[in-house]
Amino acid sequence: MSRSSAIVIGAGLAGLVAADELAQAEVEVTVIEARERVGGRTWSRELANGALVEMGAEFVLPQNTEVTALASELGLGLWAKGMRYGEREPRGGIGTSADELAAAFADVRRALERLEGRPSARALLDSLAIGPGAREAILARVEISSAAAAEEIPATNLAGLAQIGAESAPSVAGGNQGLALGLAARLGAAVRLGDAAVEVDRRADSVVVRTASGRDYEADRCVIAVPASVSERIDFRPGLPRATREALVRVSYGHAAKLFVPLSEPAPPSAVMSVPERYWCWTATGAGDRPTPLVSCFAGSPGALERLQVTAGAGRWLESLAVLRPDLALEPAGALLSTWDEDPWVGAAYSIPPEPELTAALAEPVGPLAFAGEHLGGPYAALMEGAVRSGRAAARRLLGRL
Ligand SMILES: Cc1cc2nc3c(=O)[nH]c(=O)nc-3n(C[C@H](O)[C@H](O)[C@H](O)COP(=O)(O)OP(=O)(O)OC[C@H]3O[C@@H](n4cnc5c(N)ncnc54)[C@H](O)[C@@H]3O)c2cc1C
């Protein structure tokens, strides 16, 4: 009997995990990736001073057990980073104290326990009797992390912030992209880079995927592991069922950017948030728990990107950072800006966790097709963890049908 076969579109974490799972079940796999590299939104680079930077995903959050397990399976270690993802000193704005903030987070936790309906993060915060300084700082935290305005974010997104405390949120040693590179190495020649899927044709007994270079790949099954934000660039024939099409369109995305600035002297671990400008910055340790000569910044929400004028370059953000962190020996000439809005293969940062009905509609295979991606990660959506879990789930759904 000949082996079953599958095509996976997209070599981000979701696609590579799906392909790996299928390959381990003896399915003949081909992965088609538009970019000239694997990893998608996990992309690790080095500055001229040798500091490693994560252009996209950086922190492995507490309870992200699948990512940690994958790193360990691939023989990759973790860098603890020294600073605390959950503890950012708020600066600017009305002002608050650590005690006031802790009390406000406790109020948020209690309100989430008795949550009814689907209020926005803004609506929930407005309904609580917490001080204006703490409210402003929590709004900044949730808008930055969710990469969207508080009116657009489900109140449940506050749960993560209210729970994450002093726990460690490490990175994969040597860069998170190592996860993708490790999986791609296992898949070998099955991964085809630099050729986008443009058409997916469902036939009687097979799926044919046509690429931008005009090649046709045929297999029994196909995993679509591209962000929902760019799925309309693929022509599905026959068209996808209405429920799937509508669900894909309704997945909305946050917008974020990062800035990396080398330091002439490494600084001890720290985490500071600019409340009014909606970004945070951190100094951290790397290999051997040694401080890295680098400050990294993350700005989230369309308003933040506009205020920092990121489409015009790093200039405005660098000015703001110099005021926020006078303690750091910045070397602005070596700065690197990372933006994703103009990236043709995602066009945004990550999903605003979709409503469960959307996730359920997209989790349902369409004949021989199954969908994957962080947007299908349920409680882990928007994270590497969601990508890994969704990739595994999509592969298992297809294996069940092969
Ligand atoms: C700035 C930023 C910071 C982040 N920080 C964190 C963090 O700290 N912690 C965390 O856990 N997560 C973080 N994330 C989120 C994390 O990066 C993503 O959730 C995860 O990497 C998504 O994986 P994916 O496989 O679903 O999608 P992607 O990584 O986007 O992979 C999809 C792949 O499909 C390819 N593709 C698209 N269209 C086609 C096509 N037509 N044909 C072929 N290939 C195609 C793309 O090129 C891409 O390689 C961050 C993301 C960003 C942008």
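The values are calculated or read from the model by the stated rules, or taken from the named source; none is laboratory data. All values derive from a computational prediction rather than experimental measurement. We place every Cβ from the backbone using ideal geometry, glycine too, and count neighbours over all the protein chains shown.
The conditions are (1) closer than 24 Å to residue 152 by Cβ; (2) at pLDDT 95 or above, and residue 82 fails exactly one of them. Which is it?
Every condition holds for residue 82 apart from (1).
Give the residue, chosen from 276, 269, that is within 19 Å of residue 175 (Cα to Cα) and not charged (D, E, K, R).
269
Please return the ranges of strands (runs of 3 or more DSSP E) entirely within region 279-355 where 1 or more residues are within 30 Å of residue 226 (Cα to Cα) and among the aromatic types (Phe, Trp, Tyr).
Passing ranges, in order: 279-283, 294-300.
In region 20-50, which residue that is more than 11 Å from the ligand (Cβ to nearest atom) and of a type in the set (Gly, Ala, Ser) is surrounded by the most Cβ atoms within 10 Å (Cβ to Cβ)?
Checked region 20-50; the qualifying residue surrounded by the most Cβ atoms within 10 Å (Cβ to Cβ) is 44.
Of all residues being over 26 Å from the mean Cα position of the chain (by Cα) and among the hydroxyl-bearing types (Ser, Thr, Tyr) in region 216-266, which is nearest to the ligand (Cβ to nearest atom)? Just the residue, please.
Out of the qualifying residues, it is 217.
Quick check on this structure: which one of 333, 329 is without any contact (Cβ under 8 Å) to a residue 40 or more places away in the chain and more than 23 Å from the chain's Cα centre (by Cα)?
Result: 333 is the single residue among 333, 329 that is without any contact (Cβ under 8 Å) to a residue 40 or more places away in the chain and more than 23 Å from the chain's Cα centre (by Cα).
Six or more apart or on different chains, Cβ atoms under 7 Å: show the pairs whose first residue is in region 192-212 and without any contact (Cβ under 8 Å) to a residue 60 or more places away in the chain and whose second is among the polar types (S, T, N, Q).
Final answer for the pair search is 198/211.
State whether one or more residues within region 91-108 are within 16 Å of the ligand (Cβ to nearest atom) and in a loop (DSSP other than H, G, I, E, B).
Within region 91-108, not a single residue is within 16 Å of the ligand (Cβ to nearest atom) and in a loop (DSSP other than H, G, I, E, B).
Quick one: how many residues across region 140-171 are closer than 17 Å to residue 118 by Cβ, part of a helix (DSSP H, G or I) and among the polar types (S, T, N, Q)?
Selection size over region 140-171: 2.
Of the conditions (1) surrounded by 19 or more Cβ atoms within 10 Å (Cβ to Cβ); (2) within 18 Å of the chain's Cα centre (by Cα); (3) closer than 22 Å to residue 196 by Cβ, residue 344 clears all except one; give me its number.
The one condition residue 344 does not meet is (1).
Limited to region 359-402, what total is found for residues that are buried (at least 24 other Cβ atoms within 10 Å of the Cβ) and part of a helix (DSSP H, G or I)?
15
Go through region 366-379 and give me each residue that's more than 8 Å from the ligand (Cβ to nearest atom) and farther than 30 Å from residue 204 by Cβ.
Scanning region 366-379 gives 378, 379.
From the set of residues in region 335-388 that are out of contact with any Lys or Arg (no Cβ under 9 Å at 6 or more places or on another chain) and polar (S, T, N, Q), which is modelled with the lowest pLDDT?
Looking at the filtered set, the residue picked out is 359.
Give 15, 10, 75, 82 a once-over and let me know the one that is at positive phi, within 9 Å of the ligand (Cβ to nearest atom) and either in contact (Cβ under 8 Å) with a residue 60 or more places away in the chain or under 21 Å from the mean Cα position of the chain (by Cα) (or both).
10
On the given criteria, is residue 60 of a type in the set (Val, Ile, Thr) and in a loop (DSSP other than H, G, I, E, B)?
yes
Working only within region 288-308, note down all residues that are under 23 Å from the mean Cα position of the chain (by Cα) and surrounded by fewer than 24 Cβ atoms within 10 Å (Cβ to Cβ).
296, 298, 302, 303, 305, 306, 307 - these are the residues of region 288-308 that are under 23 Å from the mean Cα position of the chain (by Cα) and surrounded by fewer than 24 Cβ atoms within 10 Å (Cβ to Cβ).
Kindly evaluate residue 42 against the criterion of being among the polar types (S, T, N, Q) and part of a loop (DSSP other than H, G, I, E, B).
So residue 42 passes the test.
Quick one: in region 158-174, which of the residues that are at pLDDT below 90 and out of contact with any Pro (no Cβ under 7 Å at 6 or more places or on another chain) is nearest to the ligand (Cβ to nearest atom)?
Per the criteria, the residue is 160.
Determine whether residue 296 is more than 16 Å from the ligand (Cβ to nearest atom) and in contact with a Cys (Cβ under 9 Å, 6 or more places away or on another chain).
So residue 296 fails the test.
Across region 85-105, what is the number of residues that are surrounded by fewer than 17 Cβ atoms within 10 Å (Cβ to Cβ), in contact (Cβ under 8 Å) with a residue 40 or more places away in the chain and within 20 Å of residue 128 (Cα to Cα)?
Residues that pass the stated criteria total 1.
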